[in-house]
Amino acid sequence: MNKILKITTNLWFNTEAEEAAKHYVSIFNNSKIERMTYYQNVQKVMTVEFQLEEQKFVALNGGPQYKFTEAISFIVHCDSQDELDYYWDKLSEGGDKKAQVCGWLKDQFGVSWQIVPTNLTEMINDEDPEKVGRAMKALLSMDGKIDMNALERVYLNLL
């Protein structure tokens, strides 16, 4: 029997719950589809329970009345530019190109993601206000995907 966690993220889709869950599981390691439930009268998928890197999610086919917004986003912490490029490329494919700024993107389902360097929080919370200022200025100037090396060079004032 699966352990029930205190908090599970629920994602409301119109009709794409199964497609989205399978897409996300194909991108992240340590991920799997756990269970699907069906609307009994029409035998269509109602919910898909899945895991991404040990985080549990439920995708619900609930209809068109609700849409995703940037008010909620998922942050993917990356240790290298290659890892950042991988997640950026996979999650941005088919998404809204106009929503790509400062490491944020919207995927093909309208879900917002932040693909960021693991040390970004350290940089923007540094005790040295000059370092923070340089890092924030560089970050905010990046139109889409973050260039980790450029951000670190600016942060460390190595230009």
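One table, with the values for the structure above:
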| item | result |
| --- | --- |
| Out of Asp96, Asp89, sole residue that is over 13 Å from the mean Cα position of the chain (by Cα) and at pLDDT 95 or above | Asp96 |
| Matching option when the condition is surrounded by 13 or more Cβ atoms within 10 Å (Cβ to Cβ), touching an Asp or Glu at 6+ places or on another chain (Cβ under 6 Å) and of a type in the set (Val, Ile, Thr), among Val58, Val111, Val76 | Val58 |
| Condition check for Val154: among the β-branched types (Val, Ile, Thr), surrounded by 14 or more Cβ atoms within 10 Å (Cβ to Cβ) and more than 24 Å from Glu53 (Cα to Cα) | yes |
| Within segment 22-45, tally of residues that are in a helix (DSSP H, G or I) and touching a strand residue (DSSP E or B) at 6+ places or on another chain (Cβ under 9 Å) | 4 |
| Failed criterion for Phe68 (all others in (1) surrounded by fewer than 16 Cβ atoms within 10 Å (Cβ to Cβ); (2) touching a Gly at 6+ places or on another chain (Cβ under 7 Å); (3) among the aromatic types (Phe, Trp, Tyr) hold) | (1) |
| Considering residues of segment 36-55 that are within 18 Å of the chain's Cα centre (by Cα) and of a type in the set (S, T, N, Q) only, the residue surrounded by the most Cβ atoms within 10 Å (Cβ to Cβ) | Gln51 |
| Every residue from segment 114-143 that is in contact with a Phe, Trp or Tyr (Cβ under 8 Å, 6 or more places away or on another chain) and either under 13 Å from Tyr24 (Cα atoms) or surrounded by 19 or more Cβ atoms within 10 Å (Cβ to Cβ) (or both) | Ile115, Met123, Arg134, Ala135, Ala138 |
| Lys98 under 30 Å from Gln65 (Cβ atoms), buried (at least 20 other Cβ atoms within 10 Å of the Cβ) and of a type outside the set (A, V, I, L, M) | no |
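The values are calculated or read from the model by the stated rules, or taken from the named source; none is laboratory data. The structure presented is a predicted model; accordingly, all values stated were derived computationally and were not measured. Positions of Cβ are generated from backbone atoms using ideal geometry, with glycine treated the same way; all protein chains shown enter the neighbour counts.
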